[in-house]
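The values are calculated or read from the model by the stated rules, or taken from the named source; none is laboratory data. What you see is a predicted model; the values in this text were computed from it and never measured. Using ideal geometry, Cβ is built from the backbone for each residue, glycine included, and neighbour counts are taken over all protein chains shown. To get the accessible areas, we keep the full protein, side chains included, count just its heavy atoms, and leave off ligands, DNA and RNA. Shrake-Rupley method; radii C 1.70, N 1.55, O 1.52, S 1.80 Å.
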Amino acid sequence: MTITQLKYVLAVAEHKNFTLAAEKCFVTQPTLSMQIQKIEEELNIQIFDRTKKPIQLTDIGQKIVTQAKNIVNEADRIQDIVEQQKGFIGGEFRLGIIPTIMPTLLPMFLKNFIKKYPKIRLIIEELNTADIISKLNNGHLDAAIAATPLLEEKIKEIPLYYEPFVAYIPEGHQHFSKKEIEVSDLNLDEILLLQDGHCFRDGILNLCKNSNSNEVNHFTIESGSFETLIKLADEGFGTTLLPYLHTLDLKESDKLKLRHFIEPKPAREISLIYPKNELKIQIIDALRNTIAGVIKGAIVFQNVEIISPIQKK
C-alpha cells in the first residue's frame, strides 16, 4: 500500500462519499475507488460498508483509519523536518482563529507577519473552538488562536496574553454610577449573551456561576455579534460583557459606558495552540513573536483571574 492510497481512504472516511472524496483529492472517482479496492484486496478485508448511505466504516475499517491518520501525518512531517534543519521559514501554514478574537487581533499582527515572513503562505479560518480542536486533531490545521485552558491531551498551549472581561452598562442602569464593578454585581438574567457555540459566552456563564447571584437559565436575547449586543443594551434590554480589545475601537460615547472589574480582573487566557507532534515549530515561533511584539503595547494586565472557556456542567 502507498501513502496516496491511505490518503484516499481518509478522504472517503471523512466525506462518506466516493465522488466527493475524489474531488477533494483531485482525482477521478474510478481512480480513487480502484486504489482503495487494491488496499482491501491486499489486506483481504472491507474498509467501507458500501451498502449503507452514507458510506460507513466497518469495525476493522475504523482501526485502519486511525492508524492511517498516524502514518499520513508522520509522512507529511518529513518535509517539515528538512525545512526545520535548513532554518527555512516558509510554506503553507493553516491557522484557525475563534470569532471573538479574529476581528480585533488579526488586523494587529497580519500585515507585520506577512511583511516579515513573505515565504509563508498563511491560510486563515474563522472557527469555533470545537471545530478548531477537531481540525487540529485531524491534521487539517497547523495551529490556532483560542481561549484556554482547553485541557486537550494532544494539544499544546502557549499563552499569548490575558484579556479582561469589561462590562458595558448603559445609562440609567443601577450600576452605571460605579467606577468599577464586582463579579457579585452581575445578574445573569439581564446579561445579553452571544449565541451558543461561542466560548466567550461560556466564559460569561462560568463567571456568573462564580458570583453569589442565583443563576437561572433563561436568556431573553442572544446574538452573533458584540455590535448587536451593544445596541440592544442601549435600547434598555440589559447589559453585556465585552473582551478588552474589542472596547478599544468603540466610539468615545460608548466608552463612557464601560466599567472595569476590580482586581483581580476576570479575564480569558488567549493562547497559540497546536498539536504536540507539530514540527512547524519555526513558523509557530515566528507567529508567537510577531503577536507578542504588537500586543504588548495594547494590553498589559497582570493581576487577573483566568475564567475557563469550557462551560461548567
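If I model a spin label at Asn303 and Thr19 as a point 7 Å from the Cα along the Cα→Cβ vector, what separation in nanometres do I get?
6.4
Suppose R0 equals 22 Å. What FRET efficiency, 1/(1 + (r/R0)^6) with r the Cβ-Cβ distance, do Thr58 and Met34 give to the nearest 0.05?
With a Förster radius of 22 Å, E is 0.70.
Roughly how many Å² of Lys119 are accessible to a 1.4 Å probe, to the nearest 10?
Accessible surface of Lys119 is approximately 140 Å².
By Kyte-Doolittle mean hydropathy of at least 1.0 and Cα axial length of at least 20 Å, which whole DSSP H helices of the chain are selected?
Those that clear 20 Å and a mean of 1.0 are 281-295.
Using the Cα centre as the reference, give the magnitude of the dipole from point charges on the C-beta atoms of the chain (Lys, Arg: +1; Asp, Glu: -1; all else neutral), rounded to the nearest 20 debye.
About 880 debye.
Return the carbon/sulfur percentage of the accessible area of the chain, one whole number, probe 1.4 Å, all protein chains in place.
Numbers: 8220 of 16340 Å².
Its accessible area is 50 percent carbon and sulfur atoms.
When all protein chains stay in place, what accessible area (Å², nearest 10, 1.4 Å probe) is found for Thr148?
Roll a 1.4 Å probe over it and Thr148 shows about 0 Å².
Compute the length gained on full extension between Leu110 and Ile45: take 0.36 nm times their separation in residues and subtract their Cα-Cα distance, giving the result in nm to one decimal.
18.5 nm
How much net charge surrounds Gly236 when only the other residues with a Cβ under 13 Å from the Cβ of Gly236 are counted, with Lys and Arg +1 and Asp and Glu -1? It would help to have the intermediate numbers written out before the result.
Details: positive: Lys231, Lys257; negative: Glu171, Glu190, Asp234, Glu235.
Net local charge, Gly236 excluded: -2.
Note down the net charge around Leu43, summing +1 for each Lys or Arg and -1 for each Asp or Glu among other residues with Cβ under 15 Å from its Cβ.
That works out to -2.
Take the alpha carbon gyration tensor of region 72-134, find the square roots of its eigenvalues, order them as a ≥ b ≥ c, and report rounded if a/c is under 1.5; if not, report prolate when a/b exceeds b/c, else oblate.
oblate
Using only the C-alpha atoms of region 238-313, find the volume of their convex hull and express it per residue in Å³.
Working: hull volume 11.3 nm³, N = 76.
Residue-normalised Cα hull volume stands at 148 Å³.
What does the charge count near Tyr274 come to, summing +1 for each Lys or Arg and -1 for each Asp or Glu among other residues with Cβ under 15 Å from its Cβ?
That works out to -2.
Non-local amide H neighbours of Phe261 (under 5 Å, H modeled in plane, Pro and chain starts lacking H): which ones?
So Phe261 has HN proximity to Ala167, Ile181.
Using the basic label-point model (7 angstrom from Cα toward the beta carbon), what is the Glu126 to Lys156 distance in nanometres?
3.0
For the chain, build the charge dipole from Cβ charges (+1 Lys, Arg; -1 Asp, Glu) around the Cα centre, then report which of Leu245, Pro30, Pro159 sits farthest towards its positive end.
Projecting each Cα onto the dipole axis, the largest value belongs to Pro30.
So what is the 222 nm mean residue ellipticity for the chain from helices alone, if each DSSP H run of at least 4 adds -39500 (n - 2.57) and you divide by all residues, rounding to the nearest 500 deg cm²/dmol?
So the helix-based figure for the chain works out to -13000 deg cm²/dmol.
Taking the dipole about the Cα centre of region 48-107, with the C-beta of Lys and Arg at +1 and of Asp and Glu at -1, give me whichever of Gln67, Ile101, Ile78 is farthest to the positive side.
Of the options given, the answer is Gln67.
Which order do the peptides 236-242, 170-176 come out in when sorted by mean C-beta neighbours inside 10 angstrom, highest first?
The most tightly packed comes first, giving 236-242, 170-176.
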